[in-house]
Amino acid sequence: MTELAWIDAAISAARPRALAALLRYFRDLDVAEEAVQDACLRALNTWPKAGPPRDPEAWLIMVGRNVAIDATRRRRRQEPLPPEETISDLEDAEAALVERLDDAHYRDDILRLLFICCHPELPATQQIALALRIVSGLTVVEIARAFLVSESAMEQRITRAKRRVAEARVPYEAPGAPERAERLAAVAAVIYLIFNEGYSASGGETHVRASLCEEAIRLARLLLRFFSAEPEIMGLAALLMLQHARTPARLDADGEIVLLEDQDRGLWDRAMIAEGLALLDKAMRHRSPGPYQVQAAIAALHARASRPEDTDWAQIDALYATLERMQPSPVITLNRAVAVSKTRGAGPALDMIEPLAEQLAGYFYFFGVKGGLLLQLGRAEEARAAFDQAIARANTAAEAFHIRMQIDRLIKENDPVGAGVPRANR
Amino acid sequence: MMYALLCYHSEDVVCSWSKEQDAAVMAKLAAVQEKLAKAGKLGPVVRLMPTTAATTLRKDREPPLVIDGPFAETKEQLLGFYLVDCASLDEALEIARDLGRANPGGSYEIRPISLFRPGNAAA
């Protein structure tokens, strides 16, 4: 790794805490953000020459604070002199600040920052954008690219989110215990959404998207450091790792989706699976199950099966049933039906999903599963109709292509003459 | 004499490495390790999972207390270790310097080993 890459990693690791501390200090998101930005730029100039500082976080906080104070002073020069005491306390001993970095302030600072970004008044899209901009320090261009929107639209989304936070007068003090649990759930949800955003796409932007998954895992680890005894946060981190471990096998060389049962399991990231399993193990010890832990347990059963036929579908069925009870949702029932089709056959599975047709009328995956089940039951015509509906609802080229392959298979089996027609003409 | 080289580094930093950066560091370290292995000086090499995967048993009370997380919250964490067979502390330091060039940042604590039973567990 080049020295610059190392400095880059050091800065991104130190950034959230530095920003969080500066936010405590200035109580203004824009000022704090600008201060960190300036400090990071100076770090990029200074560290390669002087070597990285012993404590990058303290360095960024110190420099960021001084830069912001200088700027304030310059602005104030045109104004009447400020009262002496507002300046004098800015010059307190640096040692005191560095000392404070080691104690519980850190935890509160980071929490405040995460809580602000995941403020309940913000819609989810703004929470995610704000968290990626503020906590992760991604540029607006990077976030815009990841979400497939224009730079100006993303800029606007973030500006709006900041304005709302300012108008909502978010208290800068860490919330009390009950509110804290609620906000923690909101933070976990945002991390989960960031991950899903990265996971669910494919094609030209795959690379950018995969880094969203990595960022989500980094944030989950960060959160876990502060809530080390929370089983659901362990479950969240485990879930993300167990799913992300499959990334190298999820798309083939042409960027097309490879189904779980067709994936080359040798490509799965074993180290990441091991860490996910270890975290899940820790979580289970608490005997306090929650949706993230259950989902992680399902992912773990897939990860543990060295061949698709070794998958413990009965256990997966039972886990989805648990999840259904915890958070009833047609999507969960749909997933459970897939497990049921493996244990009890396609017939009972189809019976399970048919009542969901109305609720999932716009859902690509519903028609994909339905088509697959009908296909297993030998009802080719109906399967074809379901696949057609799936294609109409596909979100990405890879999804559509995957369904087209199923249709091709149908055509090939039922109309051998048509087998010679190039795919593009069908 | 056997020495343990205990690797301390900020895991926030290490966890911020991209997959490519991580792989690049590992490749550089592997080159140093290969040299040591050829010279018959390299013992077990261990990379620990992040401290978030750790559990601590406090046995200073009865019954012992199980705590999620590492033994101590520190700025840099124990992320792994090497065992090397060296003639002197100087040689152990030289090896640590080599490894350090491949993986800058953080520290190696060089600790002579007083008891070593390799055991028979498969890695």
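Summary table below
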quantity: Cα→Cβ-extended label distance, 7 Å offset, between A:GLN359 and B:GLU91, nm; calculated: 6.9
quantity: Fully extended contour minus Cα-Cα distance, from A:GLN156 to A:GLU309, at 0.36 nm per residue; calculated: 50.2 nm
quantity: Eligible lysines near B:LYS38 by straight Cα distance, threshold 27 Å, same-chain separation 8 or greater; calculated: B:LYS28
quantity: Label-to-label distance, nm, for residues given as B:VAL66 and A:ASP254 (7 Å Cα→Cβ offset); calculated: 5.0
quantity: Global form of the stretch A:173-322, assessed from the alpha-carbon gyration tensor, a/c cut-off 1.5; calculated: oblate
quantity: Per residue value of the accessible surface for the protein assembly as shown (all protein chains in place, 1.4 Å probe), Å²; calculated: 50
quantity: Efficiency of FRET from Cβ geometry, B:ILE113 and A:ALA271, R₀ 41 Å, rounded to 0.05; calculated: 0.95
quantity: FRET efficiency for A:ALA50 and A:ASP28, using Cβ-Cβ distance with R0 set to 35 Å, rounded to 0.05; calculated: 0.70
quantity: Cβ-Cβ FRET estimate between A:ARG163 and A:LYS412, R0 fixed at 60 Å, reported to 0.05; calculated: 0.60
quantity: Area accessible to solvent at A:MET241, 1.4 Å probe radius, in Å²; calculated: 0
quantity: In Hz, Karplus ³J(HN,Hα) per residue of the stretch A:112-129 (6.51, -1.76, 1.60; θ = phi - 60°; x = Gly, Pro); calculated: 4, 4, 5, 5, 5, 5, 9, 4, x, 6, 8, x, 3, 4, 6, 4, 4, 4
quantity: Span per principal axis, largest first, for the Cα atoms of chain B (Å); calculated: 47, 37, 28
quantity: Extension gain, A:ALA124 back to A:ARG42 (0.36 nm per residue minus Cα-Cα distance, nm); calculated: 26.2 nm
quantity: In Å², nearest 10: area of B:TRP17 left accessible to a 1.4 Å probe; calculated: 20
quantity: Contact surface B-A: accessible area buried, both sides summed, square angstrom, 1.4 angstrom probe; calculated: 2400
quantity: Note, ³J(HN,Hα) from phi for the stretch B:51-65, Karplus 6.51, -1.76, 1.60, rounded to Hz, x at Gly and Pro; calculated: 4, 5, 8, 7, 10, 10, 9, 7, 10, 8, 8, 10, x, x, 9
quantity: Extended-chain gain in nm, criterion 0.36 nm per residue less alpha-carbon gap, A:ARG285 and A:GLU381; calculated: 29.6 nm
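The values are calculated or read from the model by the stated rules, or taken from the named source; none is laboratory data. Just so we're clear, the structure is a prediction, and the values are computed from it rather than from any experiment. Please note: Cβ atoms are built from the backbone with ideal geometry, for glycine as well, and neighbour counts cover all protein chains shown. Accessible surface is based on the protein model in full, side chains and every heavy atom, while ligands, DNA and RNA are left aside. Shrake-Rupley method; radii C 1.70, N 1.55, O 1.52, S 1.80 Å.
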